[in-house]
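Asker: Mind looking over this structure? Questions follow.
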Amino acid sequence: SKAKLFDQNTKVKTTFKDVAGLEGAKEEVQEIVDFLKYPEKYTTLGGKIPKGALLVGPPGTGKTLLAKAVAGEAKVPFFSLSGSDFVEMFVGVGASRVRDLFKQAKEKSPSIIFIDEIDAIGRARGKNAMSGSNDERENTLNQLLTEMDGFGTNTNVIVLAATNRADILDKALMRAGRFDRQIYVDLPDVRERKEIFEVHLRPLKKSEGLDLDFLSKQTPGFSGADIANVCNEAALIAARNGKKAVDKQDFLDAVDRIIGGLEKKNKIIT
Ligand code: ATP
């Protein structure tokens, strides 16, 4: 069977409207949207458009969502792959796959390449010397660096990458002309959780007077992904109980269930 190398989406529908909270991060990526849409505006004064930016933050906080929204706002194709899939699936061919990816993205430029879990490829070299796939990973990383260095200033492909472990990344990735910008994507505070609830409640039939301030206060430490889960779970619980609308109790039950799941996950890790 032929494993899929990367996803290619030429009609991204996601926009900044779908991304709740993250005001600072959105402001920073707005500039990238602008680079993609109006490159001449920047290059005319001799400036170089950045080639890459690193989205840094805990799991489920909307890094992938934000990267996709950049493509949606700029109306450019979105090429995406996950670092961990990459290392697992393409033993022996990682470097040539990276070359293919960049070749396609350049052909379709302006475009975005998004690399999720870049730490799987971009861990500092020389660590984990015992692991057999280490040379392979390093070849893949080197090819990634080579591709980014090889971009001309007018290529207009911007590479976004996500990680929750910026501390373990090879410093070579952060050098000027590579991922030289870091954009922080943090867990939402109570006000931002309310905004995220608003986004994910849009498609639900909810009971009147549902108190979003209350729900936001009940969910400290929840990521955007957790809140999306709560909303979906609440709708399923309500349906299972034959209700016509999703009410406060359904949300509370869903919150309990998600907290239970999070605790289990943490137990496995620690
Ligand atoms: P990971 O590090 O685990 O890959 P991530 O930071 O890339 O996570 P996403 O995959 O973007 O997180 O988020 C998963 C889902 O959670 C999104 O598709 C969306 O439904 C929801 N979500 C996360 N953050 C937000 C947000 N700020 N606004 C609205 N929805 C969000």
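Asker: For region 1-124, just the Cα atoms, rotate onto the principal axes and tell me the three extents in Å, largest first.
Answerer: Cα spread of region 1-124 along its principal axes, largest to smallest: 43, 32, 32 Å.
Asker: Let me check against my output: what whole-number percent is the relative contact order of the chain, with C-alpha pairs under 8 Å and at least 6 apart?
Answerer: About 24 percent, as a whole number.
Asker: What order do ARG97, ARG240 take when sorted by accessible area (1.4 Å probe), most exposed first?
Answerer: Details: ARG97 60, ARG240 150 Å².
Greatest to least solvent exposure: ARG240, ARG97.
Asker: Compute the projected area of the convex hull of the Cα atoms of region 183-252, averaged over all viewing directions, and report it in nm² to one decimal place.
Answerer: Averaged projected area of region 183-252's Cα convex hull equals 4.6 nm².
Asker: If we sort 165-176, 243-254, 37-48 on the protection proxy, mean other Cβ atoms within 10 Å, highest first, what's the order? Each step should come with its number before you reach the end.
Answerer: Details: 165-176: 14.8, 243-254: 18.0, 37-48: 11.2.
Final packing ranking: 243-254, 165-176, 37-48.
Asker: How far is helix 248-269 tilted off the main Cα axis of the chain, in degrees rounded to 10, range 0 to 90?
Answerer: Helix 248-269 sits roughly 40 degrees off the main axis of the chain.
Asker: Rounded to the nearest 10 degrees, what's the angle between the helix 23-37 long axis and the longest principal axis of the chain, both from Cα atoms, 0 to 90?
Answerer: Once rounded, the angle reads 40 degrees.
Asker: Follow-up. As an exercise, identify the GluC sites (Glu not before Pro) in region 171-263 lying in DSSP coil whose Cβ has no more than 16 other Cβ atoms within 10 Å. Mind dumping the intermediate values first?
Answerer: Numbers: sites: GLU192, GLU195, GLU198, GLU208, GLU233, GLU263; in loops: GLU208.
Filter output for region 171-263: GLU208.
Asker: Same structure again: Compute the angle between helix 63-74 and the longest alpha-carbon principal axis of the chain, please, reported from 0 to 90 degrees and rounded to the nearest 10.
Answerer: That works out to roughly 70 degrees.
Asker: Tell me, what is the per residue accessible area of the chain in Å², probe radius 1.4 Å? Walk me through the numbers on the way to the answer.
Answerer: Details: 14100 Å² over 270 residues.
With all protein chains present, the chain gives 52 Å² per residue.
Asker: Round to a whole number: what % of the accessible area of the chain belongs to carbon and sulfur, probe 1.4 Å? Don't jump to the answer; show the numbers that get you there.
Answerer: Working: 7080 of 14100 Å².
After summing per-atom areas, the C and S share lands at 50 percent.
Asker: How high is the relative contact order of region 171-270? Use alpha-carbon pairs under 8 Å, at least six apart in sequence, and give a whole percent. Could you put the intermediate results ahead of the total?
Answerer: On the way: 83 pairs, mean separation 26.1, N = 100.
Worked out over region 171-270, it gives 26 percent.
Asker: Another question about this same structure. Rounded, prolate or oblate: which fits the chain when a ≥ b ≥ c are the square roots of the eigenvalues of the alpha-carbon gyration tensor, with rounded for a/c under 1.5 and prolate only if a/b beats b/c? Don't skip to the answer; put the middle values down first.
Answerer: Details: a/c = 2.20, a/b = 1.57, b/c = 1.40.
Since a/c reaches 1.5 and a/b is larger than b/c, the shape of the chain is classed as prolate.
The values are calculated or read from the model by the stated rules, or taken from the named source; none is laboratory data. Quantities reported herein were computed from a predicted structural model and do not represent experimental measurements. When we count neighbours, we look across all protein chains shown, and the Cβ atoms used for this are built from the backbone with ideal geometry, even at glycine. Accessible surface areas use protein heavy atoms only, side chains included; no ligands, DNA or RNA. Shrake-Rupley method; radii C 1.70, N 1.55, O 1.52, S 1.80 Å.
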